[in-house]
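The values are calculated or read from the model by the stated rules, or taken from the named source; none is laboratory data. Not measured: the values here are computed from a predicted model. Cβ sites come from the backbone with ideal geometry, for glycine too, and all protein chains shown count toward neighbours. Accessible surface is based on the protein model in full, side chains and every heavy atom, while ligands, DNA and RNA are left aside. Shrake-Rupley method; radii C 1.70, N 1.55, O 1.52, S 1.80 Å.
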Amino acid sequence: MTTSLKWFKKETYKKIREESIPDFVKPYSARTYPNILETIGDTPLVRLNRIFKDIPGNFYVKLESGNPGSTKDRIAHYMIEQAEKRGDLKPGGTIIEATSGNTGFGLAMVAAVKGYRCVFTTKDKISPEKLSALRALGAEVEVCPSAVSSSDPRSYYARAKQLAKDIPGAYYVNQNFNRDNANAHYASTGPEIWRQTHGNITYFVAASGTGGTISGTARYLKEENPDIKIIGVDAKGSILKKYHETGIYDESEVKSYLLEGVGKNIITGNTDFDLIDEFVQLDDKESAHTVREIANKEGILVGFSTGAAIAAIKHIKHKFTEKDTVVILSPDHGNLYFSKIFNDDWMREKGLM
Ligand code: PMP
């Protein structure tokens, strides 16, 4: 059976034009973009209606999956443009980075548009989906062991540094120490959230890895209103929470864990600890189950680190009142984790079910 437009009467289309098009066609539909990079940012802020129904306050998730890749597209674009302006990256050059996947995606996208070569190092716990995406965009990727210290020559940091020395015309992006990472969020994520909440935001909650997202966004928000509270989300097995509370870098805190992009075993140059009011530490199991809960209760597919950030709200629920407007940053899309969190076999194999 074939369907045909003839089946519908003219009046039907007239009715759709009058009733529905004004609701569906958002202002941005009226424009085109000169290239994919210009679509980065301006992501939706979506209210969470069921998951925190017993907690007072207004909860919103900033869905960075609205970017072509993830929230890291913002920093990739910004860091490369700044490097070009400084003359650190020249035409025909090679972009080098140690990445858990999302920054690599952003950099590979920028590189494809601008014609650079990309060589990345990553950890063996990377989602196969993320690894495939990097290679699909033309990046060369070296997979390194997760369970080694950052100073070990086999670590993904050490390998990236070595490649930057070996490859002529290389530019090592170094998202952990390159302040343009945090500055990208100061320039875009912070102002967007301020405008989207009409200045009513009282809490900002974000997972912290390099620290760029939380520090850049927090700087902008606290400049607008110093009373806004900033909650950092850390992983059990990372040093951030203890360092924030005691000023001590305690290597004995370092354990391997499955959360991607959350927590650190080094003190990065992009984490402005003074801007963060409190860190909450989450484990793999609670974070993974919270990802499934968001999918079931809100109809939103989010990544592993968003599960940690949403779970963090439950740990500090006593802080919130009806008057609060809480924004939780969601770095990436759940479709990057189908082989992991949404896969019962993987969950059982890792002892998470
Ligand atoms: N979540 C995911 C999935 C990430 O890839 C990252 C970045 N590594 C983060 C959270 C943390 O963001 P940031 O590095 O800006 O602290």
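In the stretch 208-217, what residues are in a helix (DSSP H, G or I) and open to solvent by less than 10 Å² (accessible area, probe 1.4 Å)?
Across the stretch 208-217, the qualifying residues are Gly212, Ile214, Ser215, Gly216, Thr217.
Could you figure out which of (1) surrounded by fewer than 19 Cβ atoms within 10 Å (Cβ to Cβ); (2) more than 14 Å from the ligand (Cβ to nearest atom) isn't true of Val326?
It fails just one condition, (1).
Looking at Asp234, is it at pLDDT 95 or above and among the acidic types (Asp, Glu)?
In short, yes.
Taking the stretch 221-253, which residues are crowded, with 18+ Cβ neighbours inside 10 Å and either in a strand (DSSP E or B) or among the aliphatic types (A, V, I, L, M) (or both)?
Leu221, Ile228, Lys229, Ile230, Ile231, Gly232, Val233, Asp234, Ala235, Ile239, Leu240 - these are the residues of the stretch 221-253 that are crowded, with 18+ Cβ neighbours inside 10 Å and either in a strand (DSSP E or B) or among the aliphatic types (A, V, I, L, M) (or both).
Counting only residues that are surrounded by fewer than 22 Cβ atoms within 10 Å (Cβ to Cβ) and in contact with a strand residue (DSSP E or B) (Cβ under 8 Å, 6 or more places away or on another chain), how many does the stretch 193-202 have? Full working, then the answer.
Start the filter on the stretch 193-202 by keeping residues that are surrounded by fewer than 22 Cβ atoms within 10 Å (Cβ to Cβ), which leaves 194-200, 202.
Checking which are in contact with a strand residue (DSSP E or B) (Cβ under 8 Å, 6 or more places away or on another chain) leaves us with 196-197, 200, 202.
Summing the residues that are surrounded by fewer than 22 Cβ atoms within 10 Å (Cβ to Cβ) and in contact with a strand residue (DSSP E or B) (Cβ under 8 Å, 6 or more places away or on another chain) in the stretch 193-202 gives 4.
Given the condition at pLDDT 95 or above and closer than 29 Å to Thr290 by Cβ, answer yes or no: does some residue in the stretch 76-93 qualify?
Within the stretch 76-93, one or more residues are at pLDDT 95 or above and closer than 29 Å to Thr290 by Cβ.
Anything in the stretch 153-192 that is aliphatic (A, V, I, L, M) and open to solvent by 20 Å² or more (accessible area, probe 1.4 Å)? List them, or say none.
Result: Ala158, Leu163, Ala164, Ile167, Ala170, Ala187.
When residues of the stretch 138-167 are filtered for being out of contact with any strand residue (DSSP E or B) (no Cβ under 8 Å at 6 or more places or on another chain) and either farther than 22 Å from Val254 by Cβ or within 15 Å of the ligand (Cβ to nearest atom) (or both), how many remain?
Counting residues in the stretch 138-167 that are out of contact with any strand residue (DSSP E or B) (no Cβ under 8 Å at 6 or more places or on another chain) and either farther than 22 Å from Val254 by Cβ or within 15 Å of the ligand (Cβ to nearest atom) (or both) gives 4.
Only one residue in Ser252, Ser208 is touching a strand residue (DSSP E or B) at 6+ places or on another chain (Cβ under 8 Å) and small (Gly, Ala, Ser). Which one?
On inspection, the qualifying residue turns out to be Ser208.
With respect to Glu298, is the statement that it is modelled with pLDDT of 95 or more, crowded, with 16+ Cβ neighbours inside 10 Å and of a type in the set (D, E, K, R) true? Step through it out loud before you land on a result.
Working: modelled with pLDDT of 95 or more: yes; crowded, with 16+ Cβ neighbours inside 10 Å: yes; of a type in the set (D, E, K, R): yes.
The answer is yes for Glu298.
Does Glu293 count as out of contact with any helix residue (DSSP H, G or I) (no Cβ under 6 Å at 6 or more places or on another chain), in a helix (DSSP H, G or I), away from the ligand (no atom under 16 Å from the Cβ) and open to solvent by 20 Å² or more (accessible area, probe 1.4 Å)?
Yes, satisfied.
Go through (1) touching a Phe, Trp or Tyr at 6+ places or on another chain (Cβ under 8 Å); (2) in a strand (DSSP E or B); (3) farther than 30 Å from Ile294 by Cα for Val143 and report which single condition fails.
Val143 satisfies all of (1) touching a Phe, Trp or Tyr at 6+ places or on another chain (Cβ under 8 Å); (2) in a strand (DSSP E or B); (3) farther than 30 Å from Ile294 by Cα except (1).
Can you name the condition, by its number, that Thr71 falls short on among (1) open to solvent by 20 Å² or more (accessible area, probe 1.4 Å); (2) farther than 23 Å from Arg159 by Cα?
(1)
Which of the residues spanning the stretch 77-101 are touching a Leu at 6+ places or on another chain (Cβ under 8 Å) and open to solvent by 10 Å² or more (accessible area, probe 1.4 Å)?
Listed by number, the list holds a single entry, His77.
Quick check on the stretch 265-287: of everything there that is outside any loop (DSSP other than H, G, I, E, B) and within 13 Å of the ligand (Cβ to nearest atom), which residue is surrounded by the fewest Cβ atoms within 10 Å (Cβ to Cβ)?
My answer is Phe273.
Do we have Asn67 as at pLDDT 95 or above and more than 22 Å from Thr103 (Cβ to Cβ) here?
no
Based on what the data block shows, is Asn335 within 16 Å of the ligand (Cβ to nearest atom), open to solvent by 30 Å² or more (accessible area, probe 1.4 Å), part of a helix (DSSP H, G or I) and not hydroxyl-bearing (Ser, Thr, Tyr)? Walk me through how you get there before you give the answer.
Values: within 16 Å of the ligand (Cβ to nearest atom): yes; open to solvent by 30 Å² or more (accessible area, probe 1.4 Å): yes; part of a helix (DSSP H, G or I): yes; not hydroxyl-bearing (Ser, Thr, Tyr): yes.
Answer is yes for this residue.
Taking the stretch 298-323 on its own, how many of its residues are away from the ligand (no atom under 12 Å from the Cβ) and assigned to a helix (DSSP H, G or I)? Show your work before the answer.
First, pick out the residues of the stretch 298-323 that are away from the ligand (no atom under 12 Å from the Cβ): 298-301, 310-323.
Checking the rest, the ones that are also assigned to a helix (DSSP H, G or I) come to 298, 310-315, 317-319.
Here the count works out to 10.
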